[in-house]
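Here's the structure, in structure tokens; my notes come after.
A short reminder: the numbers here are calculations on the coordinates, not readings from a lab. Since the structure is predicted, the reported quantities are computational estimates derived from the model, not experimental observations. So basically every Cβ, Gly included, is an ideal-geometry build from the backbone, and we count neighbours across all protein chains shown.
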Amino acid sequence: MMKLLRRIFPHPHLTFLLTVVWVLLANNGSLNSVVFGLLLGIIIPFITQPYWPDRPKLRNWSMVVEYILVVLWDIVIANITVARIILFKRDSDREPNWVCVPLDLRTPEAITVLAGTITMTPGTVSCDLSAQGHNLLVHCLDAPDPAAVRDEIKQRYERRLKEIFE
Amino acid sequence: MTGIFEILIAFFLIVSGIFGFVGSFGMIKLKDPMSRLHAPTKATTLGVGGVLLASIAHSVLLEGKLSLHELLITLFLFLTAPITALFIAKWHIHRHEQPQDLPDAGEDELWATHAVEQVEDVPDHSAN
């Protein structure tokens, strides 16, 4: 029975996501769009199955919610900080800096989410990975103390992602 | 009651306008190319986010029907914006930074952009 379910839903998260995206696109909650969304959600993972050799296991769903809330909150705060830097700080007083963040994460999906988060929170942009993927290069708009930025990224984001993905 | 809703919607629109403006202003004010990259990432978060919140609030509070496909715009922006930024940054590193100017890459010795073999016969556009 489980095997049959696995065959029909090789990637249950993707099925769920595709259905939700379709319903949002149609922008009405009618049974019509839910059924068609489900149909897409079943067919697309089934066809693309060979391209997902191993999928990330999300372990900690409450942590996913916490992570999203933390990131949204940080985006608001960082926006205000960066707006203040742009409007009120003289360009010569600003200290742009490169920061190297050593990664404890190993799964590619987790590193992708971390890099994306760093870019979307204003003030930091993730620029490059080291050759073997052990370090992340981050550019900061104004960072007199690069070590503090590195520690904050590791504390706030990487620790939570490690609990989610690994 | 409608008045309060309209004030709320106007508030979201003003917030997004302010951050959109600051983002664009940053493009002019900041001088080095890597710092300029920070400006658009801000416009796409609170700048666009404010308009989307206002749009959701308008359809829910004033028109009385639930419209959530604005969330999709947020989703797609969060998927695409970091990739654009990453590629611009990689281009900058490829063209304008030497390995010794960047911080130490630890045990991997080089950052990925420098680790690829440098092609010599690519025309140099860095002067323009």
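Modelled spin labels at A:Asp91 and B:Leu61, positioned 7 Å past Cα toward Cβ, are 3.9 nm from each other.
For chain B, averaging the sequence separation of C-alpha pairs within contact (under 8 Å, six or more residues apart) and dividing by the residue count gives a relative contact order of 22 percent. With the cut-off at 1.5 for a/c, could you classify the protein assembly as shown from its C-alpha gyration tensor as rounded, prolate or oblate? Taking the square roots of the gyration eigenvalues as a ≥ b ≥ c, the protein assembly as shown is oblate.
Applied to the range A:132-146, the Karplus parametrisation 6.51 cos²θ - 1.76 cosθ + 1.60 on θ = phi - 60° returns per-residue 3J(HN,Hα) values of 9, x, 9, 9, 10, 9, 10, 9, 10, 5, 8, 9, x, 10, x Hz, with x for Gly and Pro. Exceeding 27 Å between C-alpha atoms, which entries from my cross-link table qualify? They are A:Lys3/A:Lys57; A:Lys89/B:Lys42; A:Lys162/B:Lys31; A:Lys57/A:Lys154; A:Lys57/B:Lys42. Distance filter (> 27 Å) returns A:Lys162/B:Lys31; A:Lys57/B:Lys42. In chain A, helices alone account for a calculated mean residue ellipticity at 222 nm of -18500 deg cm²/dmol, with every DSSP H run of four or more residues adding -39,500 (n - 2.57).
In summary, the aspartates and glutamates within cross-link reach of B:Lys29, defined as a Cα separation below 18 angstrom excluding same-chain residues under 8 places away, comprise A:Asp91, A:Asp93, A:Glu95, A:Asp142. Bridgeable aspartates and glutamates around B:Lys90 (alpha carbons under 14 Å apart, same-chain partners fewer than 8 residues away excluded): A:Asp128.
Highest mean first, what order results for B:96-103, A:49-56 on Cβ atoms within 10 Å?
Details: B:96-103: 12.9, A:49-56: 10.0.
Ranking the peptides B:96-103, A:49-56 by packing returns B:96-103, A:49-56.
For the range B:1-97, applying the loop criterion from DSSP together with a ceiling of 13 other beta carbons within 10 Å to the trypsin sites (Lys or Arg not before Pro) yields B:Lys31, B:Lys65.
How many percent of all Cα-Cα pairs in the range A:2-51 sit more than 14 Å apart? Within the range A:2-51, distances greater than 14 Å cover 48 percent of Cα pairs.
Could I get the Rg over Rh figure for the range B:2-115? Both from C-alpha atoms, Rh via Kirkwood, rounded to two places. Walk me through the numbers before you get to the answer.
Values: Rg = 19.4 Å, Rh = 16.6 Å.
We get a ratio of 1.16 for the range B:2-115.
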